[in-house]
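This report refers to the structure that appears directly beneath it.
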Amino acid sequence: MTRLLLKVQDLSVSYFIRKQEIVALKDVSFEIERGEILGIIGESGSGKTTLAKAIIRSIKPPGKIIRGKILYEGEDILSVDIKRFKRDYLWRKISYVPQASQNSLNGVMRIIDHFYDTAISHGITDRNTIYDKAKEAVKMVSLDERVLSSYPHELSGGMKQRVLIALSLLLDPELIILDEPTSALDVATQKSILDLVMKINKELGTTIILITHDIGVANYIAKKMLVLYAGQVME
């Protein structure tokens, strides 16, 4: 099995607004091997989140991928039928924890219901199986099983962030993309989240892409870094 997991080649993304083209990414190239932690750093507006969304095929109008390839285990996932991508790749091979992810939990659903929805949408329908996997996932992120019966408003910001990371682990992906996972958290909670990410990387062998504007965060966790500025790779 090759060590190379993901290779991005000359990826360019633009947004078309009022007949004007705004370049978000220009000829971005990088690669990441299995088991690595890659830090993607840059200021706000540098294209970090756009890059993450391109990898998971969620660029929506007025955004458009202009050119480039995203090779996952050698297959260009940009050329894969979108239904097949969502079925075979999203959550199963690549999970994404979005920026401000604490706000993405549905306030009227229990935590376990989020796990049920995700698993059922990927063909796992036995609720006992789903519950057991959810229990393992929340244990991995150092949360008690009782969290599964809670509603989002009953959890702290740090707990909700851990829940989202646990949810990303549900279908045993090889790659997890974390977009600003420590934003809006206090310093102590930030460190606990970063330590958790390193634990997942070490114990499960999961490859991690960590997106952040904080070079100190990236330096603490990443084995290598990609610096974006104005949509281009600086170093």
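Please treat every number below as a calculation from the coordinates, not as lab data. Everything quoted here is computed from the prediction, not taken from an experiment. Here Cβ is always computed from backbone atoms with ideal geometry, including for glycine, and neighbour counts include all displayed protein chains.
List every residue whose amide H lies under 5 Å from the amide H of residue 229, counting only residues 5 or more places away in sequence or on a different chain, with H placed 1.01 Å from N in the peptide plane.
Under 5 Å from the amide H of residue 229: 234.
For the chain, what does the relative contact order come out to in percent, with C-alpha contacts under 8 Å and a separation of six or more?
Across the chain, relative contact order equals 31 percent.
Can you tell me how much longer the chain between residue 145 and residue 73 gets when fully stretched, taken as 0.36 nm per residue apart minus their C-alpha distance, in nm with one decimal?
Result for the pair: 22.5 nm of gain on full extension.
Using label points projected 7 Å from each Cα along Cα→Cβ, tell me how many nm separate residue 213 and residue 60, to one decimal.
2.3
Add -39500 (n - 2.57) for each DSSP H run of 4 or more in the chain, then divide by its residues: what number comes out at 222 nm, to the nearest 500 deg cm²/dmol?
The helix contribution divided over the chain gives -10000 deg cm²/dmol.
For the cross-link pairs 48/83; 139/160; 64/160; 7/48; 135/223; 133/160, which exceed 20 Å when the distance is taken from alpha carbon to alpha carbon?
Exceeds cut-off: 48/83; 64/160; 135/223.
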